[in-house]
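Okay, so here's the structure we're looking at.
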Amino acid sequence: MQEKKIAALLGIMCFMLTVGICVQMRTVTSTASRMGRTYAENELRDSVLKWKEKYDLAYDNLETKEAKLDKLRETASTSSEASENVKAGLEQNNMALGFTEVIGSGITITLKDAEVATNKLDLSSSLVHYSDLIEVINALKNAGAEAVSVNGERIVNVTAITCAGNIIKINNEKVGVPFVINAIGSSEKLYGALTMHGGYIDKLKEDGVTVEIEKKDTITIPKYNGVYKFEYAKVVE
Amino acid sequence: MIYISIIIGCILGAIIGMNTPVISYTYSSYLAIAIIAALDTVFGGITSVIKKNFDLKIFLSGFFGNAILSIALTYLGERLNVDIYLAAVVVFVGRMFTNLAIIRRYYVDKWTNKFAELSSKNKK
């Protein structure tokens with residue numbers, strides 16, 4: 001009797017055990033691909049972090065080199081009156097090329113997609129497109145803006161603003177809504193030029209795009225991070 | 001008798017286990033450690049049957065108690081970010097080997113005695 005009881009009990013235990021083992025095995029086999037994916041994901045994340053670190057390091061390096069170069073230029077140009085002019089010219093050129101951070105009065109324009117599309121027939125018109133940015137920047141330049149940036153990307157003479165699906169690429173960097181356009185110049189002039197009746201901002205507002213314009217006394221615009229390459233253009237002798 | 005019931009239990013369990021739904025991956029680590037604990041208890045039970053000191057209460061409490069405790073430890077380890085379940089696995093598998101060694105010795109002795117008897121009978 002005792003023997004039978006033990007046997008039955010062990011049988012039940014083994015039954016439960018095998019059910020558990022089978023369920024577990026099937027769970028593991030069905031999720032093996034997912035495990036693989038998370039592994040690959042971790043690897044990718046790892047390499048992204050590593051590259052970012054490398055980039056930061058290279059950027060730091062660049063900054064120290066630039067500082068060194070500036071110092072060298074300073075020492076080279078302080079020696080004489082003539083080189084003083086060269087230094088001033090150099091600074092001027094660097095500012096024009098967008099190689100220096102600049103500060104001054106100006107305006108900040110924020111463009112956002114419409115929360116409710118006013119024109120149901122053409123939903124696209126209630127979004128901010130790259131062409132809208134180009135128009136606004138053009139209007140700003142026309143009104144005498146000295147430096148312009150969009151979401152921290154300096155607009156220089158080689159800047160391209162292109163459409164890349166649901167985002168916009170400026171200087172090959174991705175930028176997205178909301179677009180914050182900073183412009184340095186006479187804030188009165190810039191403001192007046194933009195809010196002119198029948199102007200481009202009016203059109204954007206009609207389409208439902210949220211536009212905020214703010215006059216500011218101090219605006220800082222970052223420098224251009226790219227390089228100018230001249231492969232084909234040569235100076236005429 | 002005991003082994004027949006174990007085999008029947010295993011076969012039935014395999015058939016049922018193949019047809020039950022799969023549990024979510026989050027809980028599979030808990031199930032795994034519970035399986036190891038239960039496996040250890042079953043080997044312990046067989047050993048105690050051989051030693052003839054099988055106690056139903058101890059066996060049952062060990063089966064469920066070990067499983068629940070190991071699941072709780074795994075959960076705690078996950079919260080604390082320490083792989084406590086590794087300690088449970090080491091203990092359980094170590095015990096399993098001890099029990100298996102006892103079972104093996106028992107049967108090796110049994111079979112050696114049997115063969116010795118048989119050969120002595122044949123010589124006569």
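The values are calculated or read from the model by the stated rules, or taken from the named source; none is laboratory data. These figures come from a predicted structure and were not determined experimentally. Every residue, glycine among them, receives a Cβ derived from its backbone with ideal geometry; neighbour counts consider all protein chains shown. Areas reflect the complete protein model, heavy atoms only, side chains present, ligands, DNA and RNA absent. Shrake-Rupley method; radii C 1.70, N 1.55, O 1.52, S 1.80 Å.
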Accessible area buried at the B-A interface, both sides summed, 1.4 Å probe (Å², nearest 100):
2700 Å²
Measuring from the longest principal axis of the C-alpha atoms of chain B, the long axis of helix B:25-51 (C-alpha) lies at a number of degrees, nearest 10, equal to 30 degrees
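Quick one: ranking B:Cys10, A:Cys22 by accessible area, 1.4 Å probe, largest first, what do you get?
Working: B:Cys10 45, A:Cys22 10 Å².
These residues rank, largest area first, as B:Cys10, A:Cys22.
Give the average, rounded to an integer, of partner chain Cβ atoms located within 10 angstrom of each Cβ in A:57-67.
Numbers: counts 0, 0, 0, 0, 0, 0, 0, 0, 0, 0, 0.
Taking the mean over all residues of the peptide, I get 0.
When Lys and Arg each count +1 and Asp and Glu each count -1, what net charge do the other residues less than 13 Å away from A:Ile219, Cβ to Cβ, add up to?
Every neighbour counted, the sum reads -1.
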As I understand it, the dipole of the protein assembly as shown uses +1 on the Cβ of Lys and Arg and -1 on the Cβ of Asp and Glu, about the Cα centre. Which of A:Asn166, B:Gly65, A:Gly89 lies farthest toward its positive end?
B:Gly65
Counting only residues 5 or more apart in sequence or on a different chain, those whose built amide H sits under 5 Å from that of A:Thr100 are A:Tyr224
Tell me the angle of helix A:81-97 to the major Cα principal axis of chain A, expressed in degrees between 0 and 90 and rounded to the nearest ten.
50 degrees
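In peptide B:29-40, how many Cβ atoms from other protein chains are near each Cβ within 10 Å, on average? Walk me through the numbers on the way to the answer.
Numbers: counts 1, 1, 6, 6, 0, 3, 9, 0, 0, 6, 5, 0.
Mean shielding by partner chains, rounded to a whole number: 3.
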What dipole magnitude, in Debye to the nearest 20, does the protein assembly as shown give about its Cα centre under +1 on Lys/Arg Cβ and -1 on Asp/Glu Cβ?
3540 debye
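Using only atoms on other chains, find how many Cβ atoms lie within 10 Å of each Cβ of peptide B:3-16 and report the average. Working shown, then result.
Working: counts 3, 2, 11, 8, 2, 4, 13, 7, 3, 6, 13, 5, 4, 6.
Average per residue, whole number: 6.
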Structure shown: which of A:Lys5/B:Lys51; B:Lys52/B:Lys110; A:Lys87/A:Lys216; A:Lys71/A:Lys234; B:Lys51/B:Lys110; A:Lys141/A:Lys216 lie over 19 Å apart, alpha-carbon to alpha-carbon?
A:Lys87/A:Lys216; A:Lys71/A:Lys234
Which order do B:Arg104, A:Arg26, A:Arg73, B:Arg79 take by accessible area at a 1.4 Å probe, largest first?
B:Arg79, B:Arg104, A:Arg73, A:Arg26
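Using a 10 Å cut-off on Cβ atoms, rank the peptides A:159-167, A:189-197 from the highest mean neighbour count down.
On the way: A:159-167: 11.9, A:189-197: 16.0.
Result, highest mean Cβ count within 10 Å first: A:189-197, A:159-167.
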Relative to the Cα centre, what is the charge dipole magnitude of segment A:104-221, using +1 at the beta carbon of each Lys and Arg, -1 at the beta carbon of each Asp and Glu, and rounding to the nearest 20 debye?
200 debye
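Where the convex hull is taken over the Cα atoms of chain A, what is its projected area averaged over directions, in nm²?
Details: hull surface 107.6 nm².
Averaged projected area of chain A's Cα convex hull equals 26.9 nm².
Taking a threshold of 26 Å on the Cα-Cα distance, which of the pairs A:Lys52/A:Lys215; A:Lys68/A:Lys215; A:Lys174/A:Lys223 fall above it? Walk me through the numbers before you get to the answer.
Numbers: A:Lys52/A:Lys215 36 Å; A:Lys68/A:Lys215 36 Å; A:Lys174/A:Lys223 17 Å.
Over 26 Å Cα-Cα: A:Lys52/A:Lys215; A:Lys68/A:Lys215.
Using just the helices of chain A, give the 222 nm mean residue ellipticity in deg cm²/dmol: DSSP H runs with n ≥ 4 each add -39,500 (n - 2.57), and the total is spread over all residues, rounded to 500.
Values: 5 runs with 121 residues, N = 237.
So the helix-based figure for chain A works out to -18000 deg cm²/dmol.
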Could you look at the protein assembly as shown and say what percent of its accessible area is carbon and sulfur, using a 1.4 Å probe and all protein chains?
61 percent
Dipole size in debye (nearest 20) for segment A:42-150 around its Cα centre, Lys and Arg Cβ +1, Asp and Glu Cβ -1?
160 debye
Count the net charge of all other residues whose Cβ sits under 10 Å from the Cβ of A:Thr108, scoring Lys and Arg as +1 and Asp and Glu as -1.
0
